[in-house]
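Read through the structure below, which is laid out as structure tokens, and then see the notes.
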Amino acid sequence: MFDSLQHLAWLWVPITLFAALAQTVRNTAQRSLTQELGTLAATLVRFLYGLPFAALWLALLYFLPAQLPVVPAFSWAYLGWIALGALFQVGATVALLMAMKERNFAVAVTLSKTEVLQVALFATVFLNELPTALALLAMVVATVGVLMLSLPPRGQLLSLQAWMSKSALYGLICGACFAIATVGFRGGALVLGAESPWLSGAWGVLLAQTLQTLGLGLWIQLRTPQGLMPLFRAWRISLLAGSMGAAASLAWFTAYAMQGAGPVRTLGMIEVVFSYLVSRRLLSESLSRPEKIGMGLMLFGLVLICLQAV
């Protein structure tokens, strides 16, 4: 698949970096919507307002080239992989929401950062994508780094009760759901057989976000007093979140069509660095020694994973 891009095997690296950067912008926009709309509605924004941009990108891929690309032959296996990814992506959000109701939310956030190692596990089991020794080392080093950046306060860090709490369980479930979603989207890309990774990514995002918009949108409409109306009143910032969310998703899906799920998600952890540096810059706070070590380990792990593309 994608024989014409074999000489550009490294192309997944800048695409993944762009995905992480666009996702950072999207998260910043969504964060401002959370208090106004609620967490579920703010989550729906990325799907609902992202759909037109995903459809536009797909249309451009078909109508801009001189020779019209062939529409892929969709199979039940492909639709199953995409539906699996879409479902577990929403499930990860639900797990995080449930963790927010618990006292030890910081522990949940820390454990959710084990997503990359869980991606490697599930990709090995379901896709037979066994990571190389270098890739596995990079995943472990980067994960240790991000854990050092997100460790809970000292009181919870030393509390066995906190690590054995429901919040901790929700954090692990959150990481597992994101990992399975990633494997689902990667599996879909492998079975689709599209002419290019760009088409594979565009079709995947369009179908996944359609399912997520319909499912989550119906839930919000039926379960909240005002339904979907608040989302339309906040259209300006929602449009920014949706467009950046669509750009990030399109880049993620395209990268999944080029490279294994583990390396892509490992390099995608640079989003944590982007977000951390932005927040520290805004707060004018200096990094502590553990934070500097964690940042250094993360960057070292990302360099290791990029060495596979050379």
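Kindly check whether there is at least one residue in segment 91-107 that is farther than 28 Å from residue 221 by Cα, buried (at least 20 other Cβ atoms within 10 Å of the Cβ), touching a Phe, Trp or Tyr at 6+ places or on another chain (Cβ under 7 Å) and at pLDDT below 85. Looking for residues that are farther than 28 Å from residue 221 by Cα, buried (at least 20 other Cβ atoms within 10 Å of the Cβ), touching a Phe, Trp or Tyr at 6+ places or on another chain (Cβ under 7 Å) and at pLDDT below 85, one finds at least one in segment 91-107, hence yes. Scanning segment 49-61 for residues that are under 22 Å from residue 190 (Cβ atoms) and without any contact (Cβ under 8 Å) to a residue 60 or more places away in the chain turns up nothing. Would you confirm whether or not segment 144-160 contains a residue that is within 22 Å of the chain's Cα centre (by Cα), farther than 26 Å from residue 195 by Cα and at pLDDT 90 or above? No, every residue in segment 144-160 fails to be within 22 Å of the chain's Cα centre (by Cα), farther than 26 Å from residue 195 by Cα and at pLDDT 90 or above. Of all residues in segment 46-60, those that are assigned to a helix (DSSP H, G or I), buried (at least 17 other Cβ atoms within 10 Å of the Cβ) and modelled with pLDDT of 90 or more total 7. Taking segment 182-276 and the helices (runs of 4 or more DSSP H) fully enclosed by it, the elements with 1 or more residues that are buried (at least 17 other Cβ atoms within 10 Å of the Cβ) and among the polar types (S, T, N, Q) are at 197-223, 235-258, 261-268.
The values are calculated or read from the model by the stated rules, or taken from the named source; none is laboratory data. Just so we're clear, the structure is a prediction, and the values are computed from it rather than from any experiment. A quick note on method: Cβ atoms are made from the backbone with ideal geometry, for glycine too, and the neighbour counts reach across all protein chains shown.
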